[in-house]
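Worksheet: the structure to be examined is printed underneath.
The values are calculated or read from the model by the stated rules, or taken from the named source; none is laboratory data. Computed from a predicted model, the values in this text were never measured in an experiment. Quick reminder, even Gly has a Cβ in these numbers, built from the backbone with ideal geometry, and neighbours come from all protein chains shown.
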Amino acid sequence: MTDISDNIEKRKKDHLRIATSDISQTGNPGFDRYRFVHNALPEIDFDKIDTSTTFLGKKVNYPFLISCMTGGVAEGKKINRNLAKAAQKYNIAMGVGSQRAAIENSELANLFMAREEAPDIPLIANVGLVQLNYGFGLREYQKIVDMIDADALAVHINPIQEVIQPEGDRNWENLLPKLAKIVRELSVPIIAKEVGFGLSENVVRRFYKAGVRIFDTAGWGGTSWAVVEGQRRSGWESLGYLFGEWGIPTAESIVQVQEFRLKTKDKRLVILGSGGVRSGIDIAKAIALGSDMVGIAYPFAKAALISSQEVEKLIERLALELKIAMFGVGAKKIKELKFSKLAVNKVTL
């Protein structure tokens, strides 16, 4: 057990080092394909714009969240603490990194204790879907939720990462039937979350049939975990870069999930748009394309490595940029932003 947890800790250290460097960043998430139709006469008071919304049954001040990221190492504890402090202060949701290590070694559970710093926010636990083929089940998934008093469990889906990862888990057979049982019995909702390669409409349909109602696109355009894993494996760097070009751009993934939602007419279906989101305008576009919430990881990880104050500055910047974008289309509330008109930018097609 110690060898397993030691190996996981080493992997997480590698992940943190590489993923917070520019080398891990890929191409274009697709937001520049769209431009808002500018409203030169918004007829609203900028100071009365309401950026709040509801997520996982709790009111939050902004429609963006700190996406699930690193865990399982001492640096991860620092990051989670800095993120949680800022998230509590500004009342935004956050997720923690994969908690598998804390199941393998219970002594590592304290690395994920964001709830101590953030008692009121929506908090998301995190574990890999493929672990259902490697000894995990309802008991372990529930333990992960209870570990941090989470409001939801993000089950990350990362097949490309796993097959390039030196220690990767490659058996992806018959996972959905196992997940369907957990969806029915787990105490909190499941979030089906990609890790940077995007969700297609077909994959969302399959998860939906298994009972999942919350989907995190985590599309192509931000951190590439193919590149990260390629850097960790001698001689595999070129393979990592090759598959660093693999995936569905975030904007396209959001559109596909939104199209599925419109077909089902299921108001319970929630879309988290993430993957390469870097500005308040990106957040606004993601919402106008169909997202209910927008996830951001890389910028928050870099800020959290410095201090909670740097995280606060990032939140304030994103909030201001989002508010200005809302003013520019005449949206007083997030619901109105959802119906804002986007034009295809033909220059970038």
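Does region 262-272 contain at least one residue that is hydroxyl-bearing (S, T, Y) and in contact with a strand residue (DSSP E or B) (Cβ under 7 Å, 6 or more places away or on another chain)?
Here is the first cut: in region 262-272, the ones hydroxyl-bearing (S, T, Y) are 264.
Next, only the ones that are in contact with a strand residue (DSSP E or B) (Cβ under 7 Å, 6 or more places away or on another chain) stay: none.
No, the conditions are met nowhere in region 262-272.
Just to be sure before I move on: is I191 in a helix (DSSP H, G or I) and at pLDDT 95 or above in the structure I sent?
For I191, the condition - in a helix (DSSP H, G or I) and at pLDDT 95 or above - is not met.
When only residues in region 340-349 that are surrounded by fewer than 17 Cβ atoms within 10 Å (Cβ to Cβ) and touching a residue at least 40 places away in the same chain (Cβ under 8 Å) count, which is nearest to I44 (Cα to Cα)?
K341
For the structure I just gave you, tell me whether S291 is among the hydroxyl-bearing types (S, T, Y), over 25 Å from N80 (Cβ atoms), crowded, with 18+ Cβ neighbours inside 10 Å and at pLDDT 95 or above.
Here the answer is no, as S291 does not meet what is asked.
Please find, among L262, L269, the residue that is surrounded by fewer than 20 Cβ atoms within 10 Å (Cβ to Cβ), out of contact with any Lys or Arg (no Cβ under 9 Å at 6 or more places or on another chain) and at pLDDT 95 or above.
Of the residues listed, the single one that is surrounded by fewer than 20 Cβ atoms within 10 Å (Cβ to Cβ), out of contact with any Lys or Arg (no Cβ under 9 Å at 6 or more places or on another chain) and at pLDDT 95 or above is L262.
Let's see how each residue does on (1) in contact (Cβ under 8 Å) with a residue 40 or more places away in the chain; (2) assigned to a helix (DSSP H, G or I); (3) among the hydrophobic types (A, V, I, L, M, F, W, C); (4) touching a Gly at 6+ places or on another chain (Cβ under 8 Å):
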site	(1), (2), (3), (4)
G211	no, no, no, no
S234	no, no, no, no
S253	yes, yes, no, yes
G273	yes, no, no, yes
I287	yes, yes, yes, yes
V294	yes, no, yes, yes
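With respect to the numbered conditions (1) out of contact with any Pro (no Cβ under 8 Å at 6 or more places or on another chain); (2) within 21 Å of V183 (Cβ to Cβ); (3) not polar (S, T, N, Q), which one is the sole condition not fulfilled by R213?
(1)
So I283 ticks every box in (1) touching a Phe, Trp or Tyr at 6+ places or on another chain (Cβ under 7 Å); (2) assigned to a loop (DSSP other than H, G, I, E, B); (3) among the β-branched types (V, I, T) but one. Which box is left unticked?
Failed condition: (2).
Residue-wise test of (1) touching a residue at least 60 places away in the same chain (Cβ under 8 Å); (2) surrounded by fewer than 19 Cβ atoms within 10 Å (Cβ to Cβ); (3) not in a strand (DSSP E or B).
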site: V130; (1), (2), (3): no, no, yes
site: Y141; (1), (2), (3): no, no, yes
site: A150; (1), (2), (3): no, no, yes
site: A154; (1), (2), (3): yes, no, no
site: E162; (1), (2), (3): no, no, yes
site: D169; (1), (2), (3): no, yes, yes
site: W172; (1), (2), (3): no, yes, yes
site: L176; (1), (2), (3): no, yes, yes
site: A180; (1), (2), (3): no, yes, yes
